[in-house]
Amino acid sequence: MKRPSAHYRSLILLPLLALAACAPAPVPPEPSAETSATATAAEAVPVVKAHPIEDFIDTTGVAGASFSPDESRILFSSNKSGIWNAYTMPASGGEWVPVTASTTDNTYSEAWFPADERKLVSRDQGGNELDHLYVIEADGSEKDLTPGEKLRATFIDFSTDGTAFYVVTNERDEKFFDLYRYDAKSYKRERLFENKGGYDIAAISPDERWLALSRSRTTVDNNLFLHDRQKNKTIDLTPHTGNASYSAETFSPDSASLLYTSDEGSEFKRLRRYVLAGDKHEDVQSAEWDIDYARYSHAGKYLVVGTNVDGSTQVAITDTTTGTPLDLPELPAGEIRGVEIARSENRMAFYLNGDRQPSELYTLAFGDAEAKRLTTSLSPKIEAGELVDSSVVRFKSFDGMEIPNILWKPHQATSANKLPALVLVHGGPGGQTTRGYNTVAQFLANNGYVVLGINNRGSSGYGKTFFAADDQKHGHEPLQDCVEAKKYLQSLDYVDGERIGIMGGSYGGYMTLAALAFQPGEFKVGVDLFGVSNWLRTLESIPPYWESFREALYQEIGNPESQRDMLVAISPLFHADKITKPLMVLQGKNDPRVILAESDDIVAAVRKNNVPVEYVVFDDEGHGFGKKKNQIEGYGKILAFLDTHLKGDVSTKAP
């Protein structure tokens, strides 16, 4: 069984800034014979075509994959129309057929019904994250299966026999999610689990007897529980002392065991198995990195495991009948993502993503010599050679802690042509900047900016000690890492050390504001995308469905009831008079995590300083900008702002 999508934990998100990894792609173009007046022959400055944001957004996003009952077609999502909608196409490639045609709210494919032409899709309202689940009937009509004003619903999966599907919603109590079983024909439903204990529902056994539940104490400490629906009994599977993290992944197809990951007794998460009959825990697989996920195919013939290796995800597929890895055909450079194995276990769909290659959908019939590429995502206006490969770089911070980063170096950056640079901060606090195709980083690099995506202390993927190193220290040590990142950039001979800015979204937006307020002399400009300016307000206004994680969030950031003075001290809004450098702020009006007032107030406060402030609000977006028209406007205006206030090129105009 698939586990449900994780409930939103802390303040992670900026989809276009935080994408995962892959290996190097095509070789860059040969340097042009043209050089700057001061360049030597060995330092020839390549002439690179600078593309407008419209060219980058012209790239087609694709996501998700679900096979039709006869496995001849695939259901997936795309923003081809400018809005995310659901489509189908032949599994061998061919014409796209729209399933939905929304022109207002993004719609995402969830699953094809196992026995007929119906499909499940999900949609919120203007980015408010109150997702509903809809069925698209065979005749194309649409029905909301989870009606209600304030509820949030998440599709989990179909039952093993395909006669039912599972959904969690918070309709009974907006703080907690209950589990429902829907009949696949009548849509009649029954509640399988009433969640009064503040659990996160993590996995369902195929026989529907067992539920794996999780409950957090802090961001680095939680427990797994096993609920027996037959006996209505819940037991703690992971009693322990000290900090340890556990994540239920999937039950075995025979419902006899549960796979989970854990970092108990180690820095990194390893894959473990709990055998129900013998009450036995055993190790399955480990690495010197976090094992992020594990999934069985429908009948258990294959086990898919993803490992986070230094900012890249490595996927391994094992034949469980033999214990041997599945030999995949040779593929272009990149990393495999989103593996979906068909119910027959004879084929799979997956995505391939590279530094210079957006995600492309592939299918593979097991045993075939080649995989079939179904999509062409990169805009035809852009050549892959005009984009750049990312690289993993590290520096020692002020206290000797090693900080990992992802670096995007423009082709035109040389010692004879020093370029401005940006420290790019991910969301979180516990997010991670990873490798892979990154629209915003590539757009900025193409237009002459060195981009350093920092994984400051507190980032995930580098061990639990590193992950916890920012707890109750926000605005201090993690911010100092960003200052040290600036010093690292200044050490590069192709960076103009006097022209370095900071930019980020969500928690990264907070870090941007904190840098300008608490380290006012360090960065020349700041670009804040829906960042926290007042921690008191943000922590007091978190969505009700985050309740199961509230205390863990307080342990990470601070408690607004008992630590008000500390939270005021680290909130940029209360120190806005110190901000003297140009600031740009972008915000979605419907953002439920970082509400509109967070940006309204910081903009008003900084404008009192007679500092250049540009403010962009999107009425139809939430926490992140999903519509192409808004991406074009927002990221185009970011470039114009940077060209004016960081690069000094006043000729650049926003779209």
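The values are calculated or read from the model by the stated rules, or taken from the named source; none is laboratory data. Not measured: the values here are computed from a predicted model. FYI the Cβ positions are ideal-geometry reconstructions off the backbone, even for glycines, and counts take in every protein chain you see. Accessible surface is based on the protein model in full, side chains and every heavy atom, while ligands, DNA and RNA are left aside. Shrake-Rupley method; radii C 1.70, N 1.55, O 1.52, S 1.80 Å.
Note on the chain: helix-only mean residue ellipticity at 222 nm, from DSSP H runs of 4+ residues weighted -39500 (n - 2.57) and normalised by residue number, equals -4000 deg cm²/dmol. Scoring 373-384, 291-302 by mean Cβ neighbours within 10 Å over their residues and listing the highest first yields 291-302, 373-384.
At 0.36 nm per residue, and after removing the present C-alpha to C-alpha distance, how many nm does the segment from Gln230 to Asp58 gain when stretched out fully? Working shown, then result.
Numbers: separation 172, 0.36 × 172 = 61.92 nm, distance 5.27 nm.
Computed gain between Gln230 and Asp58 is 56.7 nm.
What do you get for the angle between helix 507-518 and the principal long axis of the chain? Use alpha-carbon atoms, 0 to 90 degrees, nearest ten. Taking the Cα atoms of the chain, the angle to 507-518 is about 30 degrees. Computed with the Debye formula from one identical point scatterer per Cα of the range 108-169, without solvent, the log10 of I(q)/I(0) at q = 0.13, 0.20 Å⁻¹ comes to -0.33, -0.76.
Put a dot 7 Å past the Cα of Asn346, heading toward its Cβ, do the same for Arg394, and the two dots end up 4.8 nm apart. Assuming charge only on the beta carbon of Lys and Arg (+1) and of Asp and Glu (-1), the dipole of the chain about its Cα centre is about 580 debye to the nearest 20.
Sequence gap at least 6, Cα distance under 8 Å: using those rules, report the relative contact order of the chain to the nearest whole percent.
After rounding, I find 14 percent.
Ligands, DNA and RNA left out, the 1.4 Å accessible surface of the chain is 48% carbon and sulfur atoms. Here's how it looks for Phe193: its modeled amide H is under 5 Å from those of Leu179, which are all 5 or more places away or on a different chain. Spin-label model, Asp319 to Thr580: label points 7 Å out along the Cα-to-beta-carbon direction sit 6.9 nm apart.
Most tightly packed first, judged by the mean number of other beta-carbon atoms within 10 Å of their residues, the peptides 263-274, 571-582 read 571-582, 263-274.
Taking amide hydrogens as placed 1.01 Å from N in the peptide plane, the amide H of Tyr293 sits under 5 Å from those of Gly306, each at least 5 positions away in sequence or on another chain.
Would you please state which residues of the range 530-553 a label at Asp565 would reach in this model, taking the label point 7 Å out along Cα→Cβ and a backbone N cut-off of under 17 Å? Flagged as within label range: 536.
If one takes the longest principal axis of the Cα atoms in the chain, at what angle in degrees, from 0 to 90 and to the nearest 10, does the Cα axis of helix 596-607 lie? Relative to the chain, helix 596-607 is tipped by roughly 10 degrees. Charge dipole of the range 550-655 (Cα centre as origin; +1 on each Lys and Arg Cβ, -1 on each Asp and Glu Cβ, all else neutral): 380 debye, rounded to the nearest 20.
Let's test the formula: R0 of 22 Å, r as the Cβ-Cβ distance of Thr104 and Lys372. What FRET efficiency results, to the nearest 0.05? All intermediate terms of the calculation are to be shown ahead of the outcome.
Details: r = 34 Å, r/R0 = 1.54.
With R0 = 22 Å, the Cβ-Cβ based efficiency is 0.05.
The length gained on full extension between Lys196 and Lys487, counted as 0.36 nm times the residue separation minus their Cα-Cα distance, comes to 99.8 nm. In order along the range 466-478, phi translates into HN-Hα couplings of 5, 5, 8, 6, 9, 4, 6, 10, 5, x, 10, 4, x Hz, rounded to whole numbers, per the Karplus curve 6.51 cos²θ - 1.76 cosθ + 1.60 with θ = phi - 60° and x for Gly and Pro.
Near Glu614, the amide H atoms lying under 5 Å from its own belong to Leu583, Met584, Val585; only residues 5 or more places off or on other chains count, and H is placed 1.01 Å from N.
Dimensions of the range 366-514 along the principal axes, based on C-alpha atoms and rounded to the nearest Å, stand at 51, 45, 24, largest first.
As a size descriptor, the averaged projected area of the C-alpha convex hull of the range 288-420 was calculated at 11.6 nm². Placing pseudo-labels 7 Å out from each Cα toward the beta carbon at Lys150 and Val617 gives an inter-label distance of 2.3 nm. Axis angle, to the nearest 10 degrees, between helix 628-642 and the longest C-alpha principal axis of the chain: 30 degrees. Multiplying the residue separation of Asp254 and Ser92 by 0.36 nm and subtracting their alpha-carbon distance yields 55.1 nm.
Computed from backbone phi with θ = phi - 60° and the Karplus coefficients 6.51, -1.76 and 1.60, the 3J(HN,Hα) list for the range 159-172 is 5, 4, 8, x, 8, 8, 9, 10, 9, 10, 9, 10, 5, 6 Hz; x is used for glycine and proline. All alpha carbon pair distances within the range 444-563 were sorted into 10 Å bins beginning at 0; the resulting P(r) in whole percents reads 12, 40, 33, 12, 3.
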